[in-house]
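> First, the structure itself, so that you have it in front of you.
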Amino acid sequence: MNLGYSGRHVVVTGGTSGIGLAAARLLLEEGARVAICGRDPERLAAAQAALGGGEALLATKCDVLDRDAVARFAEVVATWSGGVLDLLVNNAGQGRVSTFATTTDEDWRAELDLKFFSQVLPIRAFKPMLDRSSAAAIVGVNSLLSVQPEPHMVCTSAARAGVQSLLKSLATEFAPQIRVNTILLGLVDSGQWQRRFAARADQTQDRATWYAALARTKGIPLDRLGEPDEPAKAIVFLGSPAASYITGASLEVSGGVSRFI
Ligand code: NDP
């Protein structure tokens, strides 16, 4: 199947690690021109090198929670792409592990800010460019927590439910010009889980044992964590012209861990 990316322009926020980096790699392989951003200059340079550089790749330092930085990123992308954007992948972010008892008011504000404004600011900045595309799409990287909340990630779960609602509304408001879809992640072995492994309680436990125990504890039917390129493939499909009749949809990429029909 031809996904139709040849010569199209894509932005992947948080494209320097994990799922975003895997998506950028796949999109380049599909013939797209890809702009990535992240906050850390070293990670950005490493990602640029890992993706092979070249004129099809644009790597720009940008914190998606900084309105001015996002506006500058959009200007740089507009110059590079001729003012047209075909796909915005809102991927930047991370989860917060805390219960209601351990989440302060400041934590709540920071988490709501991260989850909502990592969508709102890039969408506002790039919408004029998406409006000029003949096949515009937005893919929001969200979590299964949005529909299956966990008490140990109480504010992340609540914020993620709000993001689902926001993007569902936009699928209607932006139709028929821009398709808007989300992927709902379970556990994917990327930067977040590598950091949690590094901080494990029992430092003698090896990687394979720690990850196997995690998959068992979480009751993942496919019996392992996902690899970053597995959700990346879902992002690439949903964002492509090949998914032209799909909007307002959510695709679970979780190894079967959801417990609802
Ligand atoms: P990684 O930590 O591997 O990658 C996160 C990426 O986002 C990095 O490139 C990071 O770069 C960037 N980033 C984070 N905050 C910002 C910011 N404010 N502005 C710009 N870039 C930012 O994690 P994943 O690949 O796992 O995460 C991708 C998305 O998937 C995240 O939104 C995450 O919450 C979500 N997710 C992941 C799950 C998992 O199991 N892995 C589960 C559920 C959801 P830098 O730090 O340099 O800015």
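The values are calculated or read from the model by the stated rules, or taken from the named source; none is laboratory data. On a predicted model such as this, the values are computed, not experimentally measured, just so you know. So basically every Cβ, Gly included, is an ideal-geometry build from the backbone, and we count neighbours across all protein chains shown.
> Given the conditions (1) over 22 Å from E230 (Cα atoms); (2) in a strand (DSSP E or B), which single one is not true for D63?
(2)
> Related question: Is one or more of the residues making up the range 200-208 loosely packed, with under 15 Cβ neighbours inside 10 Å, at pLDDT below 95 and of a type in the set (A, V, I, L, M)?
Yes.
> Checking R25 against (1) away from the ligand (no atom under 12 Å from the Cβ); (2) closer than 20 Å to M129 by Cβ; (3) in contact with a Leu (Cβ under 7 Å, 6 or more places away or on another chain), only one condition comes out false. Which one?
Looking at each condition in turn, R25 falls short on (2).
> Just one of the numbered conditions (1) surrounded by fewer than 24 Cβ atoms within 10 Å (Cβ to Cβ); (2) in the same structural domain as A243 (by TED's automatic domain parsing); (3) more than 10 Å from the ligand (Cβ to nearest atom); (4) touching a residue at least 40 places away in the same chain (Cβ under 8 Å) is not true of A56; which one?
A56 satisfies all of (1) surrounded by fewer than 24 Cβ atoms within 10 Å (Cβ to Cβ); (2) in the same structural domain as A243 (by TED's automatic domain parsing); (3) more than 10 Å from the ligand (Cβ to nearest atom); (4) touching a residue at least 40 places away in the same chain (Cβ under 8 Å) except (4).
> Please find, within the range 35-53, the residue that is farthest from P122 (Cα to Cα) out of those that are in contact with a strand residue (DSSP E or B) (Cβ under 9 Å, 6 or more places away or on another chain) and surrounded by fewer than 16 Cβ atoms within 10 Å (Cβ to Cβ).
The residue in question is G53.
> Just for helices (runs of 4 or more DSSP H) wholly inside the range 105-198: which have at least 3 residues that are surrounded by fewer than 21 Cβ atoms within 10 Å (Cβ to Cβ), within 16 Å of the ligand (Cβ to nearest atom) and at pLDDT 95 or above?
Result: 105-130, 154-173.
> Of the conditions (1) in contact with a Leu (Cβ under 6 Å, 6 or more places away or on another chain); (2) of a type outside the set (D, E, K, R); (3) assigned to a helix (DSSP H, G or I), Q48 fails just one. Which one is it?
Tallying (1) in contact with a Leu (Cβ under 6 Å, 6 or more places away or on another chain); (2) of a type outside the set (D, E, K, R); (3) assigned to a helix (DSSP H, G or I), Q48 fails exactly one: (1).
> I need the full set of residues from the range 213-261 which are more than 13 Å from the ligand (Cβ to nearest atom), assigned to a helix (DSSP H, G or I) and either in the same structural domain as F197 (by TED's automatic domain parsing) or charged (D, E, K, R) (or both), in order please.
A213, R216, T217, K233
> Same structure again: Considering every residue within the range 10-23, establish whether at least one is without any contact (Cβ under 8 Å) to a residue 60 or more places away in the chain, surrounded by 24 or more Cβ atoms within 10 Å (Cβ to Cβ) and not in a loop (DSSP other than H, G, I, E, B).
Within the range 10-23 (the criterion being without any contact (Cβ under 8 Å) to a residue 60 or more places away in the chain, surrounded by 24 or more Cβ atoms within 10 Å (Cβ to Cβ) and not in a loop (DSSP other than H, G, I, E, B)), the answer is no, since none of the residues qualifies.
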